[in-house]
Amino acid sequence: MLARSGRYPILLNEAIVALTLLSTQPPALPLVLQSLLNALPYRITESGQAVAPPSGTTNGQALSSRSSNPLDMIVAILRNPNKLFPLGLIANACTLLGTLGKDSSEDAERVKQATRPALEALIPKAMEVDGEQGKVGTGAKAKNIVDVAAKKTLEAWSAKP
């Protein structure tokens, strides 16, 4: 649902919230990570033929068809091309990534590597860093909910368990 619902931000948000809730349960966390990284399956038609996921086009309506896996859609949400996605959806994607980043598996590292540039781009260039603790500030410099969510995600990733 996450990778193929680019036309419907409400469905994307529901999928992200569901994955976030699932990932809070330790046995489910590896499954959520795998679900984000696995390629989209082929669709089987009524005649029994396997149909590959459609190739993308350049308009925003077909954003979902350019995703080869759900993680690609999360990166697209974070980048928010042409301001397609509401800020709440982007903040929820950051929350999901923060939860996933608590895992130390190879899959979690792949998710971090794929999303870190997009997360860092969400934070204003003039962000302040607390020199004592090395944590990103979330006070007055944070202009909106997305700034705060991205900063907290990166903080969670850098925190030692």
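Miscellaneous remarks
- Inter-residue pairs, beta-carbon under 7 Å, first under 16 Å from SER35 (Cα atoms) and among the hydroxyl-bearing types (Ser, Thr, Tyr) and in the stretch 110-123, second assigned to a helix (DSSP H, G or I) and open to solvent by less than 10 Å² (accessible area, probe 1.4 Å), 6+ apart: THR115/ILE74; THR115/LEU78; THR115/LEU97
- Residue in the stretch 127-137 that is modelled with pLDDT of 90 or more and over 10 Å from the mean Cα position of the chain (by Cα) present: no
- Between SER65, SER105, the distinction of being open to solvent by less than 60 Å² (accessible area, probe 1.4 Å), among the hydroxyl-bearing types (Ser, Thr, Tyr) and at pLDDT 90 or above belongs to SER105 only.
- Subset of the stretch 108-126 that is open to solvent by less than 40 Å² (accessible area, probe 1.4 Å) and not in a helix (DSSP H, G or I) - its residue that is modelled with the highest pLDDT: ILE123
Every residue, every condition in (1) in contact with a Gly (Cβ under 8 Å, 6 or more places away or on another chain); (2) among the aliphatic types (A, V, I, L, M); (3) free of Cβ contacts under 8 Å to residues at least 60 places away in the same chain; (4) closer than 15 Å to LEU154 by Cα, yes or no:
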{"site": "ASP72", "(1), (2), (3), (4)": "no, no, no, no"}
{"site": "PHE85", "(1), (2), (3), (4)": "no, no, no, no"}
{"site": "LEU89", "(1), (2), (3), (4)": "no, yes, no, no"}
{"site": "ASP103", "(1), (2), (3), (4)": "no, no, no, yes"}
{"site": "GLU106", "(1), (2), (3), (4)": "no, no, yes, no"}
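The values are calculated or read from the model by the stated rules, or taken from the named source; none is laboratory data. In this text, all values refer to a predicted model and were calculated from it rather than measured experimentally. We place every Cβ from the backbone using ideal geometry, glycine too, and count neighbours over all the protein chains shown. Only protein heavy atoms, including side chains, enter the accessible area calculation; ligands, DNA and RNA are left aside. Shrake-Rupley method; radii C 1.70, N 1.55, O 1.52, S 1.80 Å.
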